[in-house]
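Accompanying notes for the structure given below.
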Amino acid sequence: MKVVVGQGSCGVATGARKTSDELERLIAEKGLTNVAVDLTGCVGTCYLEPIVDVYGDDGALQARYVKVQPDKAAAIVEEHLMGGRIVEDLAISRQDEAFLSQQKRIVLRNCGVINPENIDEYIAMDGYAALGKVLTEMTPEDVIKCVTDSGLRGRGGGGFPTGRKWALCAPNKAPQKYVVCNADEGDPGAFMDRSVLEGDPHSVIEAMAIAGYAIGATQGYVYVRAEYPIAVHRLQIAIDQAREYGLLGKDIFGSGFDFDLHIRLGAGAFVCGEETALMTSIEGNRGEPRPRPPYPAVKGLYNSPTVENNVETFANIPQIILRGAEWFASMGTERSKGTKVFALGGKIKHTGLVEIPMGTTLRHIIEDIGGGIPGGKKFKAAQTGGPSGGCIPASLIDTEVDYDNLTAIGCMMGSGGLIVMDEDTCMVDMAKFFLEFTVDESCGKCTPCRVGTKRLLELLDKITKGNGTLEDLDRMEELCHYIKQNSLCGLGQTAPNPVLATLKFFRDEYVAHVTDKVCPAGVCKDLVSYSIIADKCKGCTKCARNCPVGAISGTIKNPHEINQTACIKCGACISNCPFGAIVKK
């Protein structure tokens, strides 16, 4: 038997390593020599971590246990491993199983299944078979045609056809060409690429070697943010193992093809998600974008022809080679083929990784897979693409999610972050949050982005404080279009998207902030006040005792009052009032 503990970042953060240690201790203590404890990456159901899977001698999954803290390990060892009985109290529910059963996992096919630190387990899942097929049965032109025919588009946000990008690079002659993997993943709320590197790093290594063969490159770099220590650690282990097995390095599969990989760590600059800024950073310079053209396919890393794709894009490649272009193209929509991985977060019951065919409706993702909005709240909007994206309002919840449909409504796919918002979300404040991020992350190279986003943020700040005018709304729209049209790179060109999307779909909220001086969602502190309903107040003093600034006064068994000048609007009084006597308006 084998006991497998999910140890992606989500699992480790919730105590999975301690759970694994306790399982190992108990198994040794009980003398269960036929039971091994192993690790895997993120299963995808991040909201259920730590997760423990028990496999029988035949390799079949016997049970999945969720939220297994160290003090629950004894029940699994004694009842399941020794007694042969499923621990029902810890077993995953049918509803939670539906989170995974409704997905189509291609990119995530091995995540939560194999040990990412054991190359043999990857090989057992047809790992490196695609590379072997490419090097022994296909020409570079065959590989590019297969990728092109599959319809695979870049999953990093731009959606550029992958085969076309490779085809543009291949004919360019140069002493050295490069393959670069963008694993920077700087969007708030996005963790798809991290989970793939933590759970299935060999799929990316194999795909990069295939890309190298297709375009004539012998050197590759994986640019990964230093804030992903588990991903970096496992990726380095995988690279070392691949070299040891002769799957990287000289004369791979005896074909005469040479290809090797190295890791480069990013310092967390969001702008380095843009391909030319990323390459500039690899070269040892400050991460700033370059004017295009020339494009990286002609003049990229170290002024050499370069192909750059993100982690998710590469993770599709081995399966496309093995199963064929038609297989991949049979999924998705006419112009958006295959599947897409989303990091589902925000006001949603089931947070985690979701991989579904392109064209799946937002309603299905949120209500059926995500489990809906907690607390009986109403769905208000979903933010796609992070700071570079827009929002899909509740009125468009039946939108089929693919590149073209999102673009048509003023949104974008982005890398795959999907933040769900409920009725308590202020859309003006949300736009301000994302713009604050892009202002901080702007490299400052071009004036439209460096200065324009700052002026835009000032207008938003003015509105959330109740000092805005209707003319400010028109001024914001004009500034948004100026920034989009004149910024040097994708960061500046997409920075206004959250503002434009919220102005388009939630203009009434902006007007309420400006004309009525109120925040309908009760979020913007300068437009919110707390008051005590005298008839409901019992004078229990609980609100006063929990107010961090002493803004509440009153005597026992008598109605209390809030000093509006001293109140910092933290909400502690509402949270602690047992009688519902405090209201926010």
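The values are calculated or read from the model by the stated rules, or taken from the named source; none is laboratory data. For clarity, every value in this text was computed on a predicted model and none was experimentally measured. Cβ: placed from backbone, ideal geometry, glycine included. Neighbour counts: every protein chain shown. These area figures cover heavy atoms from the full protein model, side chains too; ligands, DNA and RNA do not enter into them. Shrake-Rupley method; radii C 1.70, N 1.55, O 1.52, S 1.80 Å.
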Lysine pairs in the stretch 247-393 with alpha-carbon atoms under 26 Å apart, 8 or more places apart or on different chains: how many are there? 10
Using only Cα atoms and rounding to the nearest 10 degrees, what angle (0 to 90) does helix 427-441 make with the longest principal axis of the chain? 50 degrees
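If a/c stays under 1.5 just call it rounded; otherwise compare a/b with b/c (prolate if a/b is bigger, oblate if not). Do that for the stretch 37-91, with a ≥ b ≥ c from the square roots of the Cα gyration tensor eigenvalues.
oblate
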For the stretch 277-404, the percent of accessible surface on carbon and sulfur atoms (probe 1.4 angstrom, ligands and nucleic acids excluded) is 46 percent
With just the Cα atoms defining each centre, how far is the stretch 424-484 from the stretch 140-159? Give it in Å. 36 Å
With DSSP loop assignment and no more than 13 other C-beta atoms within 10 Å, the GluC sites (Glu not before Pro) in the stretch 168-212 are none
Mind checking which of Ala170, Gly154, Met82 is farthest towards the positive end of the chain's charge dipole, using Cβ charges of +1 (Lys, Arg) and -1 (Asp, Glu) about the Cα centre? Gly154
GluC sites (Glu not before Pro) within the stretch 64-106, DSSP loop, no more than 16 other Cβ atoms inside 10 Å: Glu88
Label zone at Ile574 (point 7 Å along Cα-to-Cβ), backbone N below 20 Å, the stretch 366-382: 373-381
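In square angstrom, what is the accessible area per residue of the chain with a 1.4 angstrom probe?
Here the residues of the chain average 40 Å² of exposed surface.
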Calculate how steeply helix 16-29 sits against the longest principal axis of the alpha-carbon atoms of the chain, using the helix alpha-carbon long axis, and give the answer as 0 to 90 degrees to the nearest 10. 60 degrees
Measure nothing fancy, just the Cα-based angle from helix 201-215's long axis to the longest principal axis of the chain, in degrees from 0 to 90, nearest 10. 60 degrees
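Give, in nm to one decimal, the length gained when the segment between Glu78 and Arg17 is fully stretched (0.36 nm per residue of separation minus the Cα-Cα distance).
Extending this stretch completely gives an extra 20.0 nm.
What value, in deg cm²/dmol to 500, does the helix sum -39500 (n - 2.57) over DSSP H runs of n ≥ 4 give at 222 nm once divided by the residues of the chain?
Numbers: 23 runs with 210 residues, N = 585.
Mean residue ellipticity, 222 nm, calculated: -10000 deg cm²/dmol.
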Cleavage-rule hits (chymotrypsin sites (Phe, Trp or Tyr not before Pro)) in the stretch 505-585: DSSP loop, at most 16 neighbouring Cβ within 10 angstrom: Phe579
Counting all Cα-Cα pairs in the chain, those more than 46 Å apart amount in percent to 22 percent
Estimate the FRET efficiency between Gln69 and Lys173 by the formula 1/(1 + (r/R0)^6), using the beta-carbon distance for r and 60 Å for R0, to the nearest 0.05. 0.55
Once you put a point 7 Å from the Cα of Gln564 and another 7 Å from the Cα of Lys462, both along the Cβ direction, what distance in nm separates them? 2.5 nm
To make sure I understand the rule: partners must be aspartates and glutamates, Cα under 17 Å from the Cα of Lys445, and not fewer than 8 residues away in the same chain. Which ones qualify? Glu274, Glu275, Glu288
Length gained if Thr447 through Asp57 is fully extended, taking 0.36 nm per residue and subtracting the Cα-Cα distance, is 134.1 nm
So, in nm, how far is label Arg94 from label Ser255 when the simple model puts each one 7 Å beyond its Cα toward the Cβ? 4.8 nm
How large is the Kirkwood hydrodynamic radius of the stretch 269-377, counting all unique pairs of alpha carbons, in Å? 16.9 Å
Candidate lysines - alpha carbon under 20 Å from Lys2, same-chain residues fewer than 8 apart omitted: Lys18, Lys30, Lys67, Lys72
For Lys525, which aspartates and glutamates qualify as cross-link partners when the Cα separation must be under 14 Å and same-chain residues fewer than eight apart are set aside? Asp424, Asp429, Asp461
Keeping every protein chain in place, order Thr148, Thr333 by accessible area at 1.4 Å, biggest value first, i.e. largest first. Thr148, Thr333
Could you let me know the centre-to-centre spacing of the stretch 214-270 and the stretch 47-66, using Cα atoms, in angstrom? 31 Å
Inter-probe distance in nm under a simple model that places probes 7 Å from Cα toward Cβ, at Glu24 and Ile123: 2.4 nm
By how many nm would the segment from Ala534 to Asn303 lengthen if fully extended, with 0.36 nm per residue of separation less the alpha-carbon distance? 75.9 nm
Under 14 Å from the 7 Å Cα→Cβ point of Met1, by amide nitrogen: which residues of the stretch 71-97? 73-88
